[in-house]
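What follows is a set of notes on a single structure, which appears directly below.
The values are calculated or read from the model by the stated rules, or taken from the named source; none is laboratory data. The structure presented is a predicted model; accordingly, all values stated were derived computationally and were not measured. All Cβ positions, even for glycine, are placed from backbone atoms using ideal geometry, and neighbour counts span all protein chains on display. Keep in mind that these areas ignore ligands, DNA and RNA; they rest on the heavy atoms of the full protein, side chains included. Shrake-Rupley method; radii C 1.70, N 1.55, O 1.52, S 1.80 Å.
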Amino acid sequence: MTNLFKLPATAALMAVAWLAGCGKPADSATGGGAPMPAAKPAWRLAVIPKGTTHVFWKSVEAGARQAAQELGVEVVWKGPVKENDRAQQIAMVEQFVSEGVSGIVLAPLDDSALRRPVAAAMARGIPVVIFDSALKGEAGKDFVSLVATNNRQGGVLGGERLAKLLDGKGRVVLLRYQEGSASTMEREAGFLEALARHPGITVTVDNRYAGATAGDAKGAAMEMLDQIREADGIFCPNESSTFGMLLALRQINRAGKVKFVGFDTSPQLVDALDKGEIQALVAQDPARMGYEGVKTLVRRLKGEAVPPAVDTGVLLVDRENLDTPPIRKLLGIPH
(Lines give C-alpha, C1' and ligand atoms only; values in the text may rest on other atoms or scores of the structure.)
Protein backbone atom coordinates (compact mmCIF):
# COMPACT_ATOMS: atom_id res chain seq x y z
CA MET A 1 0.00 0.00 0.00
CA THR A 2 1.36 3.37 -0.92
CA ASN A 3 1.70 6.14 1.61
CA LEU A 4 -1.44 8.32 1.53
CA PHE A 5 0.35 11.29 3.06
CA LYS A 6 3.40 11.47 0.80
CA LEU A 7 4.70 14.91 -0.16
CA PRO A 8 6.23 15.50 -3.59
CA ALA A 9 9.97 14.89 -3.47
CA THR A 10 10.81 18.50 -4.24
CA ALA A 11 8.56 19.77 -1.48
CA ALA A 12 10.12 17.34 0.98
CA LEU A 13 13.61 18.50 0.08
CA MET A 14 12.58 22.14 0.45
CA ALA A 15 11.09 21.40 3.87
CA VAL A 16 14.29 19.69 5.03
CA ALA A 17 16.37 22.62 3.80
CA TRP A 18 14.13 25.11 5.58
CA LEU A 19 14.34 23.18 8.84
CA ALA A 20 18.11 22.95 8.63
CA GLY A 21 18.66 26.60 7.89
CA CYS A 22 15.62 28.16 9.60
CA GLY A 23 14.71 29.63 6.20
CA LYS A 24 17.65 32.12 6.27
CA PRO A 25 20.37 32.71 3.68
CA ALA A 26 24.04 32.06 4.50
CA ASP A 27 25.64 34.59 6.86
CA SER A 28 27.52 37.11 4.70
CA ALA A 29 30.11 37.51 7.48
CA THR A 30 31.39 34.05 6.70
CA GLY A 31 31.98 35.04 3.11
CA GLY A 32 29.46 32.44 1.92
CA GLY A 33 31.60 29.59 3.24
CA ALA A 34 30.56 26.00 3.90
CA PRO A 35 26.87 25.64 4.80
CA MET A 36 25.93 24.96 8.39
CA PRO A 37 25.33 21.26 9.15
CA ALA A 38 21.71 20.15 9.30
CA ALA A 39 20.15 20.57 12.72
CA LYS A 40 19.69 17.37 14.70
CA PRO A 41 16.00 16.48 15.17
CA ALA A 42 14.65 17.64 18.51
CA TRP A 43 13.13 14.26 19.34
CA ARG A 44 14.08 10.64 18.64
CA LEU A 45 11.06 8.34 18.61
CA ALA A 46 10.95 4.54 18.60
CA VAL A 47 8.13 2.94 16.59
CA ILE A 48 7.71 -0.73 17.48
CA PRO A 49 5.25 -2.80 15.39
CA LYS A 50 4.06 -6.33 16.13
CA GLY A 51 6.16 -7.59 13.25
CA THR A 52 8.06 -6.43 10.19
CA THR A 53 7.24 -8.86 7.39
CA HIS A 54 3.54 -8.35 6.61
CA VAL A 55 2.54 -5.78 3.98
CA PHE A 56 0.39 -4.12 6.65
CA TRP A 57 3.42 -3.17 8.75
CA LYS A 58 5.34 -1.81 5.77
CA SER A 59 2.42 0.57 5.17
CA VAL A 60 2.42 1.57 8.84
CA GLU A 61 6.14 2.32 8.57
CA ALA A 62 5.57 4.52 5.51
CA GLY A 63 2.99 6.56 7.39
CA ALA A 64 5.19 6.89 10.47
CA ARG A 65 8.15 8.07 8.42
CA GLN A 66 6.03 10.59 6.55
CA ALA A 67 4.85 12.10 9.84
CA ALA A 68 8.45 12.22 11.07
CA GLN A 69 9.53 14.05 7.92
CA GLU A 70 6.72 16.59 8.23
CA LEU A 71 7.27 17.18 11.95
CA GLY A 72 11.07 17.25 11.93
CA VAL A 73 11.62 14.32 14.27
CA GLU A 74 13.67 11.12 13.99
CA VAL A 75 11.88 7.77 13.85
CA VAL A 76 13.63 4.48 14.62
CA TRP A 77 11.56 1.59 13.23
CA LYS A 78 12.23 -1.77 14.90
CA GLY A 79 10.05 -4.78 15.60
CA PRO A 80 10.07 -8.57 15.89
CA VAL A 81 10.37 -10.59 12.70
CA LYS A 82 7.46 -12.84 13.71
CA GLU A 83 4.27 -11.70 15.37
CA ASN A 84 4.48 -14.16 18.24
CA ASP A 85 7.79 -13.12 19.82
CA ARG A 86 6.56 -11.33 22.93
CA ALA A 87 9.91 -11.64 24.67
CA GLN A 88 11.72 -9.92 21.82
CA GLN A 89 9.21 -7.07 21.72
CA ILE A 90 9.48 -6.57 25.49
CA ALA A 91 13.27 -6.47 25.16
CA MET A 92 12.97 -3.83 22.43
CA VAL A 93 10.84 -1.59 24.61
CA GLU A 94 13.31 -1.99 27.47
CA GLN A 95 16.24 -1.26 25.15
CA PHE A 96 14.72 1.99 23.90
CA VAL A 97 13.88 3.05 27.46
CA SER A 98 17.49 2.47 28.52
CA GLU A 99 18.69 4.48 25.52
CA GLY A 100 16.51 7.37 26.65
CA VAL A 101 14.42 7.89 23.52
CA SER A 102 12.00 10.82 23.61
CA GLY A 103 8.94 8.61 23.21
CA ILE A 104 7.63 5.26 21.96
CA VAL A 105 4.84 4.28 19.57
CA LEU A 106 3.99 0.62 20.25
CA ALA A 107 1.70 -2.03 18.76
CA PRO A 108 1.68 -4.56 21.63
CA LEU A 109 1.81 -8.23 20.73
CA ASP A 110 0.03 -9.05 23.98
CA ASP A 111 -2.40 -6.79 25.83
CA SER A 112 -1.10 -7.98 29.22
CA ALA A 113 2.57 -8.92 28.72
CA LEU A 114 3.55 -5.44 27.51
CA ARG A 115 1.98 -3.60 30.45
CA ARG A 116 5.08 -3.78 32.66
CA PRO A 117 7.60 -2.38 30.14
CA VAL A 118 5.14 0.35 29.11
CA ALA A 119 4.65 1.29 32.77
CA ALA A 120 8.44 1.45 33.21
CA ALA A 121 8.75 3.78 30.22
CA MET A 122 5.99 6.07 31.45
CA ALA A 123 7.59 6.15 34.93
CA ARG A 124 10.86 7.31 33.32
CA GLY A 125 9.02 10.19 31.65
CA ILE A 126 9.03 8.51 28.23
CA PRO A 127 5.49 8.79 26.84
CA VAL A 128 4.06 5.75 25.03
CA VAL A 129 1.35 5.88 22.37
CA ILE A 130 -0.31 2.52 21.73
CA PHE A 131 -1.39 1.78 18.16
CA ASP A 132 -3.16 -0.97 16.20
CA SER A 133 -3.87 -3.23 19.18
CA ALA A 134 -5.05 -2.24 22.66
CA LEU A 135 -3.11 -2.55 25.90
CA LYS A 136 -4.89 -3.19 29.18
CA GLY A 137 -4.95 0.00 31.18
CA GLU A 138 -6.29 3.55 31.03
CA ALA A 139 -5.42 5.97 28.25
CA GLY A 140 -4.03 9.20 29.64
CA LYS A 141 -2.71 7.38 32.70
CA ASP A 142 -1.07 4.07 31.80
CA PHE A 143 -0.26 5.24 28.26
CA VAL A 144 -0.88 8.38 26.26
CA SER A 145 -3.48 7.34 23.68
CA LEU A 146 -4.72 4.46 21.52
CA VAL A 147 -4.47 5.01 17.74
CA ALA A 148 -6.30 2.19 16.01
CA THR A 149 -9.05 0.81 13.87
CA ASN A 150 -12.38 0.24 15.60
CA ASN A 151 -11.65 -3.48 15.54
CA ARG A 152 -14.96 -4.66 16.97
CA GLN A 153 -16.81 -2.67 14.31
CA GLY A 154 -14.55 -4.22 11.69
CA GLY A 155 -15.52 -7.67 12.90
CA VAL A 156 -19.21 -6.72 12.84
CA LEU A 157 -18.86 -5.50 9.24
CA GLY A 158 -17.25 -8.79 8.26
CA GLY A 159 -19.91 -10.85 10.03
CA GLU A 160 -22.82 -8.94 8.55
CA ARG A 161 -21.40 -9.24 5.04
CA LEU A 162 -20.84 -12.98 5.40
CA ALA A 163 -24.40 -13.41 6.75
CA LYS A 164 -25.70 -11.51 3.72
CA LEU A 165 -23.65 -13.64 1.34
CA LEU A 166 -25.15 -16.76 2.96
CA ASP A 167 -28.72 -15.41 2.94
CA GLY A 168 -28.78 -15.83 6.71
CA LYS A 169 -28.22 -19.59 6.81
CA GLY A 170 -25.38 -22.07 6.65
CA ARG A 171 -22.28 -23.38 8.41
CA VAL A 172 -19.40 -21.05 9.16
CA VAL A 173 -15.75 -21.56 10.16
CA LEU A 174 -13.88 -18.88 12.14
CA LEU A 175 -10.09 -19.25 12.09
CA ARG A 176 -8.84 -17.02 14.90
CA TYR A 177 -5.41 -15.35 14.88
CA GLN A 178 -3.61 -15.89 18.22
CA GLU A 179 -4.33 -15.50 21.91
CA GLY A 180 -3.35 -12.22 23.57
CA SER A 181 -3.70 -10.11 20.39
CA ALA A 182 -6.30 -7.53 21.48
CA SER A 183 -7.02 -6.21 17.98
CA THR A 184 -7.88 -9.57 16.44
CA MET A 185 -9.75 -10.75 19.55
CA GLU A 186 -11.98 -7.67 19.16
CA ARG A 187 -12.55 -8.48 15.48
CA GLU A 188 -13.44 -12.07 16.31
CA ALA A 189 -15.85 -10.93 19.03
CA GLY A 190 -17.51 -8.45 16.66
CA PHE A 191 -17.83 -11.13 13.98
CA LEU A 192 -19.51 -13.59 16.37
CA GLU A 193 -21.73 -10.79 17.70
CA ALA A 194 -22.97 -10.11 14.17
CA LEU A 195 -23.61 -13.78 13.37
CA ALA A 196 -25.54 -14.23 16.63
CA ARG A 197 -28.25 -12.05 15.08
CA HIS A 198 -28.79 -14.70 12.39
CA PRO A 199 -30.21 -17.90 13.98
CA GLY A 200 -29.99 -19.76 10.68
CA ILE A 201 -26.20 -19.64 10.78
CA THR A 202 -24.18 -22.15 12.79
CA VAL A 203 -20.54 -21.53 13.67
CA THR A 204 -19.03 -25.00 13.45
CA VAL A 205 -15.45 -23.99 14.38
CA ASP A 206 -14.45 -21.06 16.60
CA ASN A 207 -11.60 -22.47 18.71
CA ARG A 208 -8.75 -22.85 16.22
CA TYR A 209 -5.84 -20.40 15.96
CA ALA A 210 -3.90 -19.53 12.81
CA GLY A 211 -0.58 -18.52 14.40
CA ALA A 212 1.81 -15.76 13.45
CA THR A 213 2.45 -16.41 9.74
CA ALA A 214 0.55 -17.29 6.59
CA GLY A 215 2.38 -20.63 6.58
CA ASP A 216 1.18 -21.34 10.10
CA ALA A 217 -2.36 -20.37 9.10
CA LYS A 218 -2.33 -22.65 6.09
CA GLY A 219 -1.14 -25.50 8.32
CA ALA A 220 -3.91 -24.82 10.84
CA ALA A 221 -6.50 -24.80 8.04
CA MET A 222 -5.20 -28.07 6.59
CA GLU A 223 -5.70 -29.68 10.01
CA MET A 224 -9.47 -29.07 9.83
CA LEU A 225 -10.19 -29.98 6.23
CA ASP A 226 -13.41 -31.85 7.02
CA GLN A 227 -14.95 -28.75 8.62
CA ILE A 228 -13.72 -26.50 5.80
CA ARG A 229 -15.10 -28.79 3.09
CA GLU A 230 -18.50 -28.73 4.82
CA ALA A 231 -18.45 -24.97 5.44
CA ASP A 232 -20.61 -22.51 3.55
CA GLY A 233 -18.67 -19.50 4.85
CA ILE A 234 -15.28 -18.64 6.37
CA PHE A 235 -13.92 -15.61 8.25
CA CYS A 236 -10.31 -14.76 9.14
CA PRO A 237 -9.32 -11.71 11.22
CA ASN A 238 -5.99 -10.46 9.79
CA GLU A 239 -3.69 -10.48 6.77
CA SER A 240 -1.69 -13.62 7.53
CA SER A 241 -4.66 -15.76 8.62
CA THR A 242 -6.64 -14.69 5.55
CA PHE A 243 -3.79 -15.43 3.15
CA GLY A 244 -2.99 -18.76 4.82
CA MET A 245 -6.63 -19.84 4.55
CA LEU A 246 -6.68 -18.75 0.90
CA LEU A 247 -3.65 -20.95 0.19
CA ALA A 248 -5.36 -23.92 1.85
CA LEU A 249 -8.59 -23.35 -0.10
CA ARG A 250 -6.62 -23.23 -3.35
CA GLN A 251 -4.85 -26.49 -2.48
CA ILE A 252 -8.12 -28.35 -1.89
CA ASN A 253 -9.88 -26.70 -4.84
CA ARG A 254 -12.38 -24.79 -2.66
CA ALA A 255 -11.27 -21.23 -3.47
CA GLY A 256 -14.24 -19.38 -4.92
CA LYS A 257 -16.63 -22.20 -3.96
CA VAL A 258 -17.09 -21.13 -0.33
CA LYS A 259 -18.06 -17.62 0.78
CA PHE A 260 -14.90 -16.11 2.27
CA VAL A 261 -14.55 -12.80 4.11
CA GLY A 262 -11.11 -11.75 5.33
CA PHE A 263 -9.34 -8.84 6.98
CA ASP A 264 -6.66 -6.49 5.55
CA THR A 265 -5.73 -5.65 1.98
CA SER A 266 -2.35 -6.90 0.80
CA PRO A 267 -1.84 -7.05 -3.00
CA GLN A 268 -2.29 -10.85 -2.91
CA LEU A 269 -5.60 -10.57 -1.08
CA VAL A 270 -6.91 -7.81 -3.36
CA ASP A 271 -5.97 -9.95 -6.37
CA ALA A 272 -7.90 -12.89 -4.86
CA LEU A 273 -10.86 -10.57 -4.29
CA ASP A 274 -10.77 -9.46 -7.91
CA LYS A 275 -10.70 -13.12 -9.02
CA GLY A 276 -13.70 -14.05 -6.86
CA GLU A 277 -11.73 -16.29 -4.50
CA ILE A 278 -12.54 -13.87 -1.64
CA GLN A 279 -15.92 -12.12 -1.52
CA ALA A 280 -15.03 -9.21 0.80
CA LEU A 281 -12.15 -7.76 2.79
CA VAL A 282 -12.39 -5.55 5.87
CA ALA A 283 -9.89 -2.77 5.20
CA GLN A 284 -7.90 -0.73 7.67
CA ASP A 285 -5.75 2.32 6.88
CA PRO A 286 -2.28 1.30 8.11
CA ALA A 287 -0.46 4.30 6.62
CA ARG A 288 -2.79 6.63 8.49
CA MET A 289 -2.29 4.59 11.64
CA GLY A 290 1.48 5.07 11.52
CA TYR A 291 1.10 8.73 10.66
CA GLU A 292 -1.37 9.48 13.46
CA GLY A 293 0.65 7.45 15.98
CA VAL A 294 3.73 9.61 15.47
CA LYS A 295 1.69 12.80 15.23
CA THR A 296 -0.10 12.05 18.52
CA LEU A 297 3.19 11.38 20.31
CA VAL A 298 4.73 14.62 19.04
CA ARG A 299 1.70 16.57 20.19
CA ARG A 300 2.17 15.08 23.65
CA LEU A 301 5.89 15.95 23.65
CA LYS A 302 4.94 19.54 22.80
CA GLY A 303 2.70 19.64 25.85
CA GLU A 304 -0.55 19.66 23.87
CA ALA A 305 -3.68 17.81 24.93
CA VAL A 306 -4.32 14.60 22.99
CA PRO A 307 -7.49 12.49 22.78
CA PRO A 308 -7.53 9.13 24.61
CA ALA A 309 -8.38 7.38 21.34
CA VAL A 310 -7.88 8.11 17.63
CA ASP A 311 -10.08 6.06 15.27
CA THR A 312 -8.24 5.54 11.97
CA GLY A 313 -11.27 4.11 10.15
CA VAL A 314 -12.47 0.84 8.69
CA LEU A 315 -14.15 0.01 5.36
CA LEU A 316 -15.54 -3.05 3.60
CA VAL A 317 -14.04 -3.75 0.17
CA ASP A 318 -15.69 -5.99 -2.43
CA ARG A 319 -15.65 -6.36 -6.22
CA GLU A 320 -18.45 -3.80 -6.57
CA ASN A 321 -16.60 -0.93 -4.88
CA LEU A 322 -13.02 -1.95 -5.67
CA ASP A 323 -12.77 0.62 -8.47
CA THR A 324 -14.31 3.56 -6.58
CA PRO A 325 -12.07 6.56 -5.74
CA PRO A 326 -12.12 6.12 -1.91
CA ILE A 327 -11.12 2.46 -2.14
CA ARG A 328 -8.51 3.06 -4.84
CA LYS A 329 -7.00 5.78 -2.67
CA LEU A 330 -6.93 3.50 0.38
CA LEU A 331 -5.29 0.71 -1.60
CA GLY A 332 -2.82 3.04 -3.31
CA ILE A 333 -4.16 2.22 -6.79
CA PRO A 334 -3.52 5.06 -9.30
CA HIS A 335 -6.62 6.80 -10.65
Return the residues of the range 198-219 that are in contact with a Gly (Cβ under 8 Å, 6 or more places away or on another chain) and either surrounded by 15 or more Cβ atoms within 10 Å (Cβ to Cβ) or at pLDDT below 95 (or both); say none if nothing qualifies. His198, Ile201, Ala210, Gly211, Ala212, Thr213, Ala214, Asp216, Ala217, Lys218, Gly219
Which residues, taken from the range 56-112, are assigned to a helix (DSSP H, G or I) and β-branched (Val, Ile, Thr)? Val60, Ile90, Val93, Val97
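A quick yes/no check of all residues on (1) closer than 27 Å to Pro80 by Cβ; (2) in contact (Cβ under 8 Å) with a residue 40 or more places away in the chain; (3) of a type outside the set (Val, Ile, Thr):
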residue: Val147; (1), (2), (3): yes, yes, no
residue: Leu157; (1), (2), (3): no, yes, yes
residue: Arg161; (1), (2), (3): no, yes, yes
residue: Leu166; (1), (2), (3): no, yes, yes
residue: Tyr177; (1), (2), (3): yes, yes, yes
residue: Thr184; (1), (2), (3): yes, yes, no
residue: Ala194; (1), (2), (3): no, no, yes
residue: Thr204; (1), (2), (3): no, no, no
residue: Ala217; (1), (2), (3): yes, yes, yes
So Glu83, is it modelled with pLDDT of 60 or more and touching a His at 6+ places or on another chain (Cβ under 8 Å): yes
Within the range 111-120, is there a residue that is out of contact with any helix residue (DSSP H, G or I) (no Cβ under 6 Å at 6 or more places or on another chain), within 30 Å of Leu297 (Cβ to Cβ) and basic (Lys, Arg)? yes
Residues in the range 270-295 that are part of a helix (DSSP H, G or I), open to solvent by less than 10 Å² (accessible area, probe 1.4 Å) and touching a Gly at 6+ places or on another chain (Cβ under 6 Å) total 2
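Restricting to the range 138-183, name every residue that is within 24 Å of Leu297 (Cα to Cα) and assigned to a helix (DSSP H, G or I).
Hits for the range 138-183 are Asn151, Ala182, Ser183.
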Some residue of the range 229-244 being within 29 Å of Lys58 (Cβ to Cβ), out of contact with any strand residue (DSSP E or B) (no Cβ under 9 Å at 6 or more places or on another chain) and in a helix (DSSP H, G or I): yes
Select from the range 85-123 the residues that are crowded, with 22+ Cβ neighbours inside 10 Å and under 17 Å from the mean Cα position of the chain (by Cα) and write down the one among them that is nearest to Trp57 (Cα to Cα). Ala107
Which one is farthest from Gly256 (Cα to Cα), of the residues in the range 197-214 that are hydroxyl-bearing (Ser, Thr, Tyr) and not in a loop (DSSP other than H, G, I, E, B)? Tyr209
Within the range 124-139, the residues that are under 19 Å from Glu61 (Cα atoms) and out of contact with any Gly (no Cβ under 9 Å at 6 or more places or on another chain) are Ser133, Ala134
Of the criteria (1) free of Cβ contacts under 8 Å to residues at least 60 places away in the same chain; (2) surrounded by 16 or more Cβ atoms within 10 Å (Cβ to Cβ); (3) over 17 Å from Val55 (Cβ atoms), which one Met222 fails: (2)
Condition test on Arg328, is it basic (Lys, Arg), open to solvent by 30 Å² or more (accessible area, probe 1.4 Å), at pLDDT 95 or above and in a helix (DSSP H, G or I)? no
Picking from Ala217, Ala248, Ala194, which residue would you name as being within 12 Å of Arg176 (Cβ to Cβ) and in a helix (DSSP H, G or I)? Ala217
Could you tell me whether the range 296-308 includes any residue that is in contact (Cβ under 8 Å) with a residue 60 or more places away in the chain, within 18 Å of Glu61 (Cα to Cα), part of a helix (DSSP H, G or I) and under 18 Å from the mean Cα position of the chain (by Cα)? yes
